[in-house]
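What follows is a set of notes on a single structure, which appears directly below.
All of the numbers you see were taken from the coordinates with simple rules; none came from a lab. Being a predicted model, the structure only gives us computed values, none of them experimental. When we count neighbours, we look across all protein chains shown, and the Cβ atoms used for this are built from the backbone with ideal geometry, even at glycine.
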Amino acid sequence: MVVKKEFLACSMLLFLCMLTAGCWDRRELQERNFVLAVAIDMADAGCQPGVKAGQVPGVNRTETFFQPHGAKRYRLSLQLLKLQADGESKDNTKTYVISNTGESMLEMIRDMLGQSSKSLWFEHLQVIIISEAVLKQTGLSEVLDFFIRDSEIRSRVKLYVTSGQARPFLEYTPPSKEIGGMYLADISRLHTRNIHVAGARTDLGFTSQYLDNNADPVLPRIELADKIVKLGGIAVFKKDQFVGYADEYAVAGMKMIAGTEKSAIVTIPCPDDPEHQVVFELYRHDTRLQPHVDGDNIYFTLDINMYGNIGELQEDNKAQNTMDPQYLRKLEVAFADEIKRTVFYAQQVLQKQMRVDGVGTFARKMRAYEPDVWEKVKDQWDETYARIPLIVSVNVYIENVGSHQ
């Protein structure tokens, strides 16, 4: 009898599972418009109050709507994926772009449904590109608030800043014929091998954390010229306010301080032939940034040990020189001096000139190693950080000279 009841119970459970199987909110792929990239520019009307409806100067009528509150501040552009069968399209474009103007990102997106026959799907969003003009008018927090709140948008979305208009990036067709949004996002994925690109801790999730904790985020800078896209340098922020740009040399030093580079190229003039260059290729490193407290004084030490090989040598008689231990030692010292110069350059630009603790590198170390002191200085960290000395020690070890002498 007990066995029969258990059998009936199991049968009922199986029957109920069949009724509840499947996705209740299922939609076919062809019923969705996948948003791959977002561009945020200033609307041509700027921030003039009272521009609420009708034709926005310089903007198509389809790119605006009656707006009872606020101003036509932003032009939001979305790159959408074309879903088509192989050979269906005669052109090579795999995406298309729609735009709208307004102030609320969510309101603009919902109004764009008037330009689309399908719902807009943001779960595959790859990159958000923000124009410098926007950041000069408002804070980063205001621009990103919708994207941080929306549950569809993932935290690994890449964030870029450009000095010009952002929309042309969405209309750009890569020479490789890759999908535009995915191509733009993938550029930064090689940041561990390109010391000029800041890719670590610069996505939407990390930027949201920095903004919540009043830290100083940095975002990669992207530019488009002559149909060529280039990523390099950083846009620097004080809390959520745009400060300016730091060049690729400062990015290299910042990454050396933080220890986020997995590979790097360091060039110096040849010791015996300054008109030519010798190149060190980093394979691995041991980087330690640590705070020290001496009474009321705080200072940091940075100890860097780099291991690699000679990647390129343009000097004459290189076969003889690279077999000479004394010559290699001379190169190691010269490379170490160059790395120190790179670190101090980044310190001068970020700490002394911009007074920005990029991605909170020094603050995190202070909080981890000296928590009691951190509690005392965290409210005045901006002023304290600007005065903190940095003592740098660098050792370079050349382990190989290449496969050809």
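Some observations on this one:
- Relative contact order computed over segment 251-400 (Cα-Cα under 8 Å; 6+ residues apart), in percent: 31
- Of K230/K255; K340/K376; K158/K340; K239/K352, those spanning more than 22 Å from alpha-carbon to alpha-carbon: K340/K376; K158/K340
- Inter-part distance where segment 293-366 and segment 127-184 are each reduced to a Cα centre, Å: 33
- Efficiency of FRET between E275 and N305 - r from beta-carbon atoms, R0 30 angstrom, step 0.05: 0.50
- Once backbone amide H atoms are built at 1.01 Å from N, T301 has Q290, H292, I391 as its partners under 5 Å, excluding neighbours fewer than 5 places away on the same chain.
- Under a 5 Å amide H cut-off, with hydrogens placed 1.01 Å from N, V243 pairs with V236, F237, K238 among residues at least 5 apart or on other chains.
- Listed pairs K262/K330; K94/K262; K238/K330; K94/K238 exceeding 31 Å between Cα atoms: K94/K262; K238/K330; K94/K238
- More than 16 Å apart - percent of Cα-Cα pairs taken over segment 262-367: 67
- Per the Debye formula on identical point scatterers at the alpha carbon atoms of the chain, with no solvent, log10 I(q)/I(0) at q = 0.09, 0.13 Å⁻¹ is -0.70, -1.10.
- Estimated [θ] at 222 nm from DSSP helical runs (n ≥ 4, -39500 (n - 2.57)) normalised by residues in the chain, nearest 500: -9000 deg cm²/dmol
- Average Cα contact separation per residue, the chain, under 8 Å, 6 or more apart, as relative contact order %: 12
- Theoretical FRET efficiency, 1/(1+(r/R0)^6), r = Cβ-Cβ of S119 and D296, R0 56 Å, to 0.05: 0.40
- Other residues whose C-beta falls under 13 angstrom from the C-beta of F206 contribute a net charge of +2, scoring Lys and Arg +1 and Asp and Glu -1.
- Largest-first principal axis extents of the Cα set of segment 30-246 (Å): 48, 44, 35
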